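**Q** One structure coming up, written as structure tokens, with questions to follow.
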Amino acid sequence: MKQWLLSSPDEKNVYLLARQCGLPHICASVLAARGIDTLEKVMAFFNCSQNGPMGLSDPFLIPDMDKASDIIYSAVNDGLPICIYGDYDCDGITATVLLYSFLFTLGADVTYKINMRDEGYGINCDAVRELAEKGTKLIITVDNGISALNEIALAKELGITVVVTDHHIPGETLPNADAIINPHLKSCTAPFKDLCGCAVVLKLIAAMNEGSYELAMEQCADLCTIATIADSVPLYGENREIVTNGLRYIENTENLGLKALMQQLNISGKLTSTDVAFKINPKINASGRFASASEAVELLLTDDPDDAFEKAAQLISLNATRQQSEISVMKKIEEMCNQNPELFYEKVLVLYIPDIHHGVVGICAARIMEKTGKPVFLMSDDGNELKGSARSFDFHVYNALNACESCLSKYGGHEKSGGFSLPKDKLDDFRRAMRNYSASINYSPVYRISADKLLSGNDINPQTVISLSALEPFGEQNKTPLFLIRDAVITGVFGMGSEADHTRIGICCGADFYNVLIFRQPVADFPYQKGDHLDIIASLSLSSCGGVQSVDLRAEDYRISGISSKRYFPARDYYESYKLGDLTDKSLGSRFVPAVDILRLIYKAILSRPKVITYDLLYALLDKKGVSYCMVRAAVDIFEELGLINQNIFRETVRVSSSAPQKIDIESSKILQKLRTDFNL
């Protein structure tokens, strides 16, 4: 279960805001719910500033911009060999393409270099030596370089000039580059800092056009928009300006590779940031995950329509491989959870699967985090070492890795994500260190979902969805609005997809009927049935049938109406601490150990759901009868021991066993006996 938060801005202020700003009431309500509750804040959100043409600030406000421009122009004019050194993700790929294309049109002797994923992030010493041997005189990094102190020092020793363009946070010591363009430098006076690497390149190109953004936007806006969305930088301020304009450039792109990719994906008409995020970006990223990022670079550089079609098809195929690999990994994680549940009872999950493809480790870490509601440090075998990726929501990844540094050979990251490597024989030490660190800060995971507004059935209509488009583009720190719908009655449950691996439910909300789409929820494991009352947090979208528009809801989360989460999280922590052998407070035995009559009540509730039931639903059905969450979990463990049910700990589901015995002796349960002994009952 996840904790739900409902924003409740002052309605008088919402009405005033809507009137002052000329916004639909629903938009003013969403903005106010997110703290954008004054005219000045609304103007800043929509970037109604005097930055300059196209809402972007003067590129020369970023330090070294003039110096970098002079260095690059001098190298071009002197015919010196230039290498653009990019990263293998979508941001680095597009930044490489833009700068390469720009320099090529100037007549530069230019090449590019992007590492294979197993070579690691950013510029490395072997590549520097190789470039020096080939006669390279200028290296320009894009989307990397700010932390490459040793590598850039080596380049300088070998007589190579280095210009760094990056957007990552600088360390205390800067590399000894000839110019460093990074909006996060302490000396930077630019008003907007949170650019992606590709947007930093856009500003460099504008600077090399005497500070004019007009030509730079024509050349860069389509790919820069893709990068801005892909890199999850906040979509406000200048990023909002780039994406708002850039979506139109993508719709009319002259880039043959991007055009071929969109044609094969059947993308046409008006684009949204969601279309870019879920349809275009994964295909570009797939090259760096499962092949070489150069494949995506070559697609976006080609001027041959046939070549573009072939390369686009290859990226789509690579992404399909990525999807299958992701599915395979998640199945292995599910098996691991059911075989070794103690690993998943931890407050911070430290997991190792030997044969995960390194290209999906980060994606799968995020999926596991969303499923379990816990921070995840997931590792695969990288030959000599274990290589991992971390994802979190309220647990500082970098601080945690720093606390465990004695186990690690390499690490880095931010608050919510990171990467790390460690020797194979340090896995158990790393698990212990992570457990000790989380205990030292008294950490307990609580995964939260915020709804912007409570909606009634009358509010759910096509005009509401159309009005919300004023807040687009949606993305990081401007998420698609989510709404809470209470007490919706299920009218039907249906499978979606070729294998019914998604679920669609019909609901009645007041006097109106709607479809709710629940992705990655196999209908066979959907625990609710016709007539159940649900509370749902969902986004809204439009669908059309026979020329008539209707509203669909895409569920972010859902649960039985009326359930209280207030007691859930402490109870879950209590149960998991007991299972790990960490429980010191044994005073709550009466709220943990189920009596025989309670066991019968819980089993009867399980039988009432012929298909499947979840721990949360079982708890919700019995909460008002005095049955605690811990009793529910203990009872399920007992029933499984006695052969009555099968539980899937990863999915948190319970099914009646097809081979359940007709008669059982509950008192014979060793789990029940141990519970009574442990709690002195």
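The values are calculated or read from the model by the stated rules, or taken from the named source; none is laboratory data. Computed from a predicted model, the values in this text were never measured in an experiment. Positions of Cβ are generated from backbone atoms using ideal geometry, with glycine treated the same way; all protein chains shown enter the neighbour counts. Accessible surface areas use protein heavy atoms only, side chains included; no ligands, DNA or RNA. Shrake-Rupley method; radii C 1.70, N 1.55, O 1.52, S 1.80 Å.
**Q** With every protein chain left in place, what is the accessible area per residue of the range 41-130 in square angstrom, probe 1.4 Å?
**A** Averaged over the residues of the range 41-130, the accessible area is 42 Å².
**Q** Hey, another quick one. What value does the range 282-413 have for Rg/Rh, both radii from Cα atoms and Rh as Kirkwood defines it? All intermediate terms of the calculation are to be shown ahead of the outcome.
**A** On the way: Rg = 17.2 Å, Rh = 16.3 Å.
Over the Cα atoms of the range 282-413, Rg/Rh equals 1.06.
**Q** With r defined as the distance between the Cβ atoms of S187 and L149 and R0 fixed at 30 Å, what FRET efficiency is calculated, to the nearest 0.05?
**A** Rounded to the nearest 0.05, the efficiency is 0.95.
**Q** Percent of accessible area on the range 96-227 owned by carbon and sulfur, 1.4 Å probe?
**A** C and S fraction of accessible area: 47 percent.
**Q** Same structure again: Say the cut-off is 23 Å between C-alpha atoms; which of K426/K586; K113/K283; K186/K387; K2/K604; K586/K674 go over it? Could the numbers behind the result be given before it?
**A** Values: K426/K586 34 Å; K113/K283 20 Å; K186/K387 32 Å; K2/K604 26 Å; K586/K674 13 Å.
In this structure, K426/K586; K186/K387; K2/K604 exceed 23 Å between Cα atoms.
**Q** List the residues whose amide H sits under 5 Å from the amide H of L386, counting only those 5 or more places along or on another chain, with H placed 1.01 Å from N in the peptide plane.
**A** L422, K424
**Q** State the antiparallel share, in %, of DSSP beta bridges confined to the range 417-567, rounding to the nearest 5.
**A** 85 percent
**Q** Toward the positive end of the charge dipole of the range 473-573, about the Cα centre and with charges on Cβ (Lys, Arg +1; Asp, Glu -1), which of S539, F474, I563 goes farthest?
**A** I563
**Q** Something else now. For the range 114-193, evaluate the Debye formula with one uniform point scatterer on each Cα (no solvent term) and list log10 I(q)/I(0) at q = 0.21, 0.22 Å⁻¹, rounded to two decimals.
**A** -0.93, -1.00
**Q** Then there's this: Once fully extended, how much extra length lies between E342 and L5, figured as 0.36 nm per residue of separation less the alpha-carbon to alpha-carbon distance?
**A** On the way: separation 337, 0.36 × 337 = 121.32 nm, distance 2.96 nm.
Fully extending the segment from E342 to L5 adds 118.4 nm.
**Q** Leaving ligands, DNA and RNA out of it, work out the accessible area of F526 with a 1.4 Å probe and give it in Å² to the nearest 10.
**A** 0 Å²
**Q** In nm, to one decimal, how far is the K134 label point from the N384 one, both placed 7 Å along Cα→Cβ?
**A** Taking the two extended label points, one gets 2.4 nm.
**Q** Further, regarding this structure: Hey, how many Å between the Cα centroid of the range 610-658 and the Cα centroid of the range 115-186?
**A** Rounded to whole Å, the Cα centres lie 55 Å apart.
**Q** Let me ask something else about it. So for the chain, averaging the separation of alpha carbon pairs under 8 Å that are six or more residues apart and normalising by length, what relative contact order in percent results?
**A** Values: 1273 pairs, mean separation 67.4, N = 681.
Relative contact order comes out at 10 percent.
**Q** Oh, and also: When the scattering of the range 148-298 is computed by the Debye formula from its Cα atoms alone, each counted once and equally, what is log10 I(q)/I(0) at q = 0.16, 0.19, 0.20 Å⁻¹?
**A** Log-scaled intensity ratios, in q order: -0.99, -1.24, -1.30.
**Q** Starting at the first residue of the range 60-74, write each ³J(HN,Hα) from the Karplus equation 6.51 cos²θ - 1.76 cosθ + 1.60 with θ = phi - 60°, in whole Hz, x for Gly and Pro.
**A** For the range 60-74, the Karplus curve yields 6, 6, 7, x, 6, 5, 5, 5, 4, 4, 5, 4, 5, 4, 5 Hz.
**Q** In square angstrom, rounded to the nearest 10, how much accessible surface does M330 have for a 1.4 Å probe?
**A** Solvent-accessible area, nearest 10 Å²: 20 Å².
**Q** Helix-derived [θ] at 222 nm for the chain: sum -39500 (n - 2.57) over DSSP H runs of at least 4, divide by residue count, nearest 500?
**A** Values: 24 runs with 281 residues, N = 681.
That calculation yields -12500 deg cm²/dmol at 222 nm.
**Q** Given charges of +1 on the Cβ of Lys and Arg and -1 on the Cβ of Asp and Glu, with all other atoms neutral, how large is the dipole of the range 162-307 about its Cα centre, in debye to the nearest 20?
**A** 580 debye
**Q** Enumerate the whole-percent occupancy of each 10 Å bin, from 0 to the last occupied one, for all C-alpha pair distances of the range 498-625.
**A** Result, from short to long distances: 10, 32, 31, 17, 8, 2, 0 percent.
**Q** Related question: Grab every C-alpha pair in the range 372-417, bin the distances at 5 angstrom width from 0 up to the longest one, and report whole percents.
**A** Per 5 Å bin, starting at 0, the Cα pair percentages come out as 5, 22, 30, 25, 13, 4, 0.
**Q** Can you tell me how much longer the chain between K625 and D118 gets when fully stretched, taken as 0.36 nm per residue apart minus their C-alpha distance, in nm with one decimal?
**A** Full-extension gain reported as 177.0 nm.
**Q** Over every pair of different alpha-carbon atoms in the chain, take the mean of 1/r and invert it; report that Kirkwood radius in Å.
**A** 27.7 Å
**Q** I would also like to ask the following. Keeping all protein chains in position, work out how much accessible area D597 exposes to a 1.4 Å probe, and write it in Å² to the nearest 10.
**A** 100 Å²
**Q** Express the accessible area of the range 255-363 per residue in Å², computed with a 1.4 Å probe while the remaining protein chains stay in the model.
**A** On a per-residue basis, the range 255-363 sits at 43 Å².
**Q** Quick check for me: using +1 on Lys/Arg Cβ and -1 on Asp/Glu Cβ, what's the dipole size of the chain about its Cα centre, in debye to the nearest 20?
**A** 3180 debye
**Q** Could you list, bin by bin from short to long, the percent of Cα-Cα pairs of the range 601-681 in 5 Å steps?
**A** 3, 15, 27, 26, 19, 9, 2, 0
**Q** I've got another one for you. Show me, for the range 102-110, the HN-Hα J-couplings you get by feeding each phi into the Karplus relation (A = 6.51, B = -1.76, C = 1.60, θ = phi - 60°), rounded to Hz, glycine and proline as x.
**A** Those phi angles translate into 5, 5, 4, 5, 7, x, 6, 8, 10 Hz.
**Q** Rounded to the nearest 0.05, what FRET efficiency do T274 and S587 have when you use their Cβ-Cβ distance and R0 = 56 Å?
**A** Computed FRET efficiency for T274 and S587 comes out at 0.65.
**Q** If you don't mind, there's one more thing I want to ask. Roughly what angle does helix 361-372 make with the longest principal axis of the chain, taking Cα atoms, 0 to 90 degrees, to the nearest 10?
**A** Result, in degrees: 30.
**Q** Next question, about the same structure. Among H502, H358, what's the order by accessible area (1.4 angstrom probe), most exposed first? Walk me through the numbers on the way to the answer.
**A** Working: H502 50, H358 70 Å².
Ranking H502, H358 by accessible area, largest first, yields H358, H502.
**Q** At q = 0.26 Å⁻¹, what is the log10 ratio I(q)/I(0) for the range 404-470, with the Debye formula run over Cα points and no solvent?
**A** Cα-only, vacuum Debye calculation for the range 404-470: -1.20.
**Q** Next up: How big is the Cα convex hull of the range 21-173 in projection, averaged over all directions, in nm²?
**A** 12.6 nm²
**Q** Which ³J(HN,Hα) values, rounded to whole Hz and listed in residue order, are derived for the range 232-247 from phi using the Karplus coefficients 6.51, -1.76 and 1.60 in 6.51 cos²θ - 1.76 cosθ + 1.60 with θ = phi - 60°, glycine and proline given as x?
**A** Couplings: 6, 6, x, 8, 9, x, 5, 5, 4, 5, 4, 6, 4, 6, x, 4 Hz.
**Q** Helix 568-580 against the longest principal axis of the chain: what's the angle in degrees, Cα atoms only, rounded to the nearest 10?
**A** 80 degrees
**Q** Kindly state, to the nearest 0.05, the FRET efficiency for D429 paired with V548, given R0 = 56 Å and r defined as their beta-carbon distance. Please list the in-between numbers first.
**A** Values: r = 62 Å, r/R0 = 1.11.
E(calc), rounded to 0.05, equals 0.35.
**Q** So between N399 and E254, what do we pick up on full extension, going 0.36 nm a residue minus the alpha carbon distance?
**A** Gain on stretching N399 to E254: 47.7 nm.
**Q** 5 Å is the cut-off here: which amide hydrogens, built 1.01 Å from N in the peptide plane, fall below it relative to T111, excluding neighbours closer than 5 in sequence?
**A** I82, C83, I84
**Q** OK, next. Output the Kirkwood hydrodynamic radius of the range 522-581, Cα pairs only, in Å rounded to one decimal.
**A** About 15.1 Å for the range 522-581.
**Q** Can you say what percent of the DSSP beta bridges in the chain, counting only those with both residues inside, are antiparallel? Round to 5.
**A** Restricted to the chain, the bridges split so that about 65 percent are antiparallel.
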